[in-house]
Amino acid sequence: MTSSVQHFAVLGSPISHSQSPALHRAAYHVLGLNWDYTVHEVASGELERFLSDTATRWRGLSLTMPLKREILPFLFEQDEVSLQVGAANTVLFDGGRAFGFNTDVYGAERMLREAIPGELHRALILGGGATARSVIVALARRGVRELTVATRSPARSQDLVELGRSAGITVALGDLAVDLGEPDVVVSTLPGTAVITTKLPRSLRTSVPLVDIAYAPWPTAAAQYWSDAGGRVVNNGIGMLIYQALAQLRIFVGGDPERELPSEPEVLAAMRRAVLAPV
């Protein structure tokens, strides 16, 4: 180990299932960094107190639900992606200031390229939360131009339509993908235990692959719903988790999510082994 100790953590609620510590610690080992990475349960409304008590301790933070939007008022500056999406999952502290980034878009885009390497034109997203916002931009980068977001409260999700417009994608809000015919992919951004109450056609579940952003518990309720109909689940959130963490590491090490790490292939292989993800 060659560097002085620096402190990092993942915050959210619930957080006990997080695989982020395993990913980051595996990468630190390959990179020869004497850094630590811990887990902290921080529920909605508790972030300000956490930061005021401990902000000077941290070099960087990873954020999961429900904090990706709650962090925004505490940031000195944001990268373009987090500004577009309206959510940040990464914080880098420098000179007493907090800089926010969104690496979920990178993670989702790279995972989607592996899960479905062919062309994508139409898509359906289940759920309309902060993760869905990142997936919308990622799908736009993958070539999707027509998208339906199935959410319990379409009236409260109108901002997703404008987000889609900014990314060059047409977003419709509703419960079914009937306006699109048959999408090329369905992406679930629901929590792992969330039961799908929308009556999706069995024909959709048997003919269109599901990408599930959640990974715990596995199979998730959404993945089980798809499998019960004989449908195909082509990926889960471990892939997105690994790639968004890789971009976080680039930020923590070099301050830039696009600057590759030293020995990055070895780092990525170690991260995959840490969560037993396939190559």
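Brief remarks on what is shown
- Percent of beta bridges antiparallel (DSSP, segment 1-153, rounded to nearest 5): 30 percent
- In segment 196-279, the convex hull through the Cα atoms has an average projected area of 6.8 nm², a quarter of its surface area.
- Phi-based couplings in Hz for segment 55-64 (Karplus 6.51, -1.76, 1.60; Gly and Pro marked x): 4, 5, 7, 8, 8, x, 9, 9, 10, 10
- Semi-axis lengths, Å, segment 138-279, gyration tensor of Cα atoms, sqrt of 5 times eigenvalues: 30, 21, 13
- The Cα atoms of segment 115-198 give a gyration tensor whose axes a ≥ b ≥ c have a/c under 1.5, which makes the shape rounded.
- Accessible surface of segment 212-279 [probe 1.4 Å, protein heavy atoms]: carbon and sulfur percent: 53 percent
- Peptide ranges 101-110, 233-242, 64-73, 141-150 listed from the most packed, as the mean C-beta count within 10 angstrom indicates: 101-110, 233-242, 141-150, 64-73
- Where labels lie 7 Å past Cα in the beta-carbon direction, separation of R165 and Q224 in nm: 4.1 nm
- DSSP bridge orientation in the chain - percent antiparallel, rounded to nearest 5: 20 percent
- Fully extended contour minus Cα-Cα distance, from S52 to R152, at 0.36 nm per residue: 32.5 nm
- Relative contact order of the chain, defined on C-alpha pairs under 8 angstrom at six or more residues apart (%): 17 percent
- In order along segment 165-172, the phi-based Karplus estimate (6.51 cos²θ - 1.76 cosθ + 1.60, θ = phi - 60°) of 3J(HN,Hα) comes to 4, 5, 9, x, 10, 8, 10, 10 Hz; Gly and Pro are listed as x.
- Average 1/r across all pairs of distinct alpha carbons in the chain, invert it, and you get the Kirkwood radius: 19.1 Å.
- Amide H partners (placed H, <5 Å) of I125, local residues excluded: T148, V149, A150, V187
- Other residues whose C-beta falls under 15 angstrom from the C-beta of Y28 contribute a net charge of +1, scoring Lys and Arg +1 and Asp and Glu -1.
- Put simply, the Cα atoms of segment 31-135 extend 47, 36, 25 Å along their principal axes, the longest span coming first.
- Averaged over its residues, the chain has an accessible area of 45 Å² per residue, based on protein heavy atoms and a 1.4 Å probe.
- Rounded if a/c under 1.5, otherwise prolate or oblate - segment 67-207, Cα gyration tensor axes: prolate
- Taken one residue at a time, the phi angles of segment 67-73 give Karplus couplings (6.51, -1.76, 1.60, θ = phi - 60°) of 9, 5, 9, 5, 6, 4, x Hz. Gly and Pro are set to x.
- Antiparallel DSSP beta bridges within segment 63-188, percent to nearest 5: 25 percent
- Close amide H pairs (under 5 Å, H built 1.01 Å from N) link T90 with L63, F101, T103, residues at least 5 positions away or on another chain.
- Long-range Cα-Cα pairs in segment 240-279 (distance over 10 Å), rounded percent: 67 percent
- By accessible area, using a 1.4 Å probe on protein heavy atoms only, segment 1-152 has 48% of its surface on carbon and sulfur.
- Under 19 Å from a label point set 7 Å out along the Cα-to-Cβ vector of F76, the amide N atoms of segment 7-51 belong to 7-9, 48, 51.
The values are calculated or read from the model by the stated rules, or taken from the named source; none is laboratory data. These figures come from a predicted structure and were not determined experimentally. Glycine also receives a Cβ, built like all others from the backbone with ideal geometry; neighbour counts cover every protein chain displayed. What goes into the accessible areas is simple: the full protein's heavy atoms, side chains included, and nothing from ligands, DNA or RNA. Shrake-Rupley method; radii C 1.70, N 1.55, O 1.52, S 1.80 Å.
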